[in-house]
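Notes follow once the structure below has been shown.
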Amino acid sequence: MTQEDYRRQEAELDDLYRDIILDHYRHPRHRGHLESPDATHEGLNPLCGDEVTVEVKVNGMKLADIGYTGSGCSISQSSASMMTEAVEGKSVAEARRLISDFTAMMRGGEDIDPDSLGDLEALSGVRQFPVRIKCATLAWHTLDEALNAAGA
Ligand code: ZN
């Protein structure tokens, strides 16, 4: 993809951004490091140059705290911010289910109840741009790996 193609695609993506996605991009939630994370995992999407590092604090069966750092396109960073807000304070089992539902939605799964995903459903428009789906799912796969690393 040339730079020009890339810019055109970004402009097209802008059209489908809903306020919620832009809001997370401009005002990221849970961005930064945790004081003493139980596990940290770095995820990379070389297709787009996105990086997301997820840190988790697991307390019993609960995802007590989560933070992320990273750089890359607006979809990858907004998705990371929306994810942290969606899973913080949930049980590890609920977080795993959200990871599974979200990635299924991004693959075009028809059997996902959109209500179960809340605001995250706003990212479903990215499916129109298959090459960018990995941008949206990067943080989620990274969280999955971080939970594995935490033994959760
Ligand atoms: Zn990207």
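Here's the list of aspartates and glutamates a cross-link from LYS90 could span, going by alpha-carbon distance under 13 Å and ignoring same-chain residues fewer than 8 apart: ASP65. For LEU47, no residue 5 or more places off, or on another chain, has a built amide H under 5 Å of its own.
Measuring nothing but how far apart in sequence close Cα pairs (under 8 Å, 6+ apart) lie, relative to its length, the chain scores a relative contact order of 28 percent. Annotation: per residue accessible area for the stretch 3-149 equals 50 Å², rounded to a whole number [probe 1.4 Å, protein chains only]. Protein heavy-atom surface of the stretch 3-149, 1.4 angstrom probe: 45% of the accessible area is carbon and sulfur, with nucleic acids and ligands not counted. Work out the P(r) tail for the chain: percent of alpha carbon pairs separated by more than 26 Å, whole number. Here the long-distance tail beyond 26 Å is 21 percent of all Cα pairs in the chain.
Ranked by the mean number of other Cβ atoms within 10 Å per residue, highest first, peptides 97-105, 29-37, 75-83 order as 75-83, 97-105, 29-37.
The values are calculated or read from the model by the stated rules, or taken from the named source; none is laboratory data. This is a predicted model, so every value here is computed, not measured. Please note: Cβ atoms are built from the backbone with ideal geometry, for glycine as well, and neighbour counts cover all protein chains shown. Just the protein is used for accessible areas: all its heavy atoms, side chains included, with ligands, DNA and RNA removed. Shrake-Rupley method; radii C 1.70, N 1.55, O 1.52, S 1.80 Å.
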